[in-house]
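Below is one structure; the comments refer to it alone.
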Ligand SMILES: [Zn+2]
């Protein structure tokens, strides 16, 4: 059950109640691809860095260790010892970006595993079955992520097929949720809007999927190489045609600035690998911009990454020490940077929620953007 607590312009301050607890939105979901956040981050760390939702990748878990294995062990929550919400993606994005040779048919996609080359078939029903076995809180519909350089004709046909797939996802999810041995019988389903950079295709698709009364709606196929301005233009055009009284999720986005801009356009769910990926490379976020801890100027810097930050890294260690760990290739260096970056993102979401509640989102956004760009 989702409800809007407060609106400030188009920005939504919402709350989604799930069987695994409440999600306060806007929220940044922390990406743990194979049921762990890369950088040696443990489930117990997530409590300390204000994680609300963990996101795992269906394709990765299907290939290894296998969703049947996870089901036998009681589902993803029990497996990774996390009792709060988990969102699983549909596997579609990985099938289209990672897998080897693939063939798209009306029934689904035939492709080869990127691990061992084994042939796999995945369609809407299979994706729902796998996500049901994983027993995540929120499942994502199986869609096609066409190449951003595909022709308009290709995109239109692809979007039509994604709509047909979405209806099959909804039916299959409803069926699975009534089965006796289903672990999470309250699994939620979010649909995905596609249409590349064509506003009219996006709007038409948004209207069609809105009729299906899903638990939430995502925008997919953005942040795949188009400019930020183009992405904002698509959001301006499309979000007003998605149901306002449902969560709005912008998949795979993005930088702190992208999130601030998208919240302003009515988006309230996000996920992105940037904070963990950047952290693993010693790039850490601060309120005055991103810094590279490998830089020689931090050799004798005994300040924390960010003054006043309450994350596990900043509460205890200096930039100089973390820089040394990174240079010595000690795993702890990576881990501390990832923890700080996720804490930075999660804390920014907290600030965003507060600013919307207090009706000062515009002021907050400007201040945060100015500060981060060094103004
Ligand atoms: Zn910190």
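The values are calculated or read from the model by the stated rules, or taken from the named source; none is laboratory data. The structure presented is a predicted model; accordingly, all values stated were derived computationally and were not measured. Cβ sites come from the backbone with ideal geometry, for glycine too, and all protein chains shown count toward neighbours.
Can we say residue 285 is near the ligand (Cβ under 10 Å from one of its atoms), touching a residue at least 40 places away in the same chain (Cβ under 8 Å), within 27 Å of the chain's Cα centre (by Cα) and within 22 Å of residue 30 (Cα to Cα)?
Details: near the ligand (Cβ under 10 Å from one of its atoms): yes; touching a residue at least 40 places away in the same chain (Cβ under 8 Å): yes; within 27 Å of the chain's Cα centre (by Cα): yes; within 22 Å of residue 30 (Cα to Cα): yes.
Answer is yes for this residue.
Mind listing whichever residues of region 234-247 are free of Cβ contacts under 8 Å to residues at least 60 places away in the same chain and surrounded by 15 or more Cβ atoms within 10 Å (Cβ to Cβ)? The answer is 234, 235, 237, 238, 241, 242, 243.
A single member of 335, 303, 319 is touching a helix residue (DSSP H, G or I) at 6+ places or on another chain (Cβ under 9 Å), within 24 Å of residue 50 (Cα to Cα) and more than 12 Å from the ligand (Cβ to nearest atom), and it is 335. For region 269-280, the condition holds for at least one residue, the condition being that it is in contact with a helix residue (DSSP H, G or I) (Cβ under 7 Å, 6 or more places away or on another chain), within 11 Å of the ligand (Cβ to nearest atom), within 16 Å of residue 254 (Cα to Cα) and outside any strand (DSSP E or B).
Assess whether residue 329 counts as being at pLDDT below 95 and either away from the ligand (no atom under 11 Å from the Cβ) or surrounded by fewer than 20 Cβ atoms within 10 Å (Cβ to Cβ) (or both). No; evaluated as a whole, the condition is false for this residue. Residues that are modelled with pLDDT of 95 or more and within 16 Å of the ligand (Cβ to nearest atom) do not occur anywhere in region 352-369. Evaluated against (1) within 16 Å of the ligand (Cβ to nearest atom); (2) crowded, with 20+ Cβ neighbours inside 10 Å, residue 251 falls short on exactly one condition, (1). I'd like the residue in region 14-28 that is surrounded by fewer than 23 Cβ atoms within 10 Å (Cβ to Cβ) and touching a residue at least 60 places away in the same chain (Cβ under 8 Å) and, out of all such residues, is farthest from residue 61 (Cα to Cα). This residue is 24.
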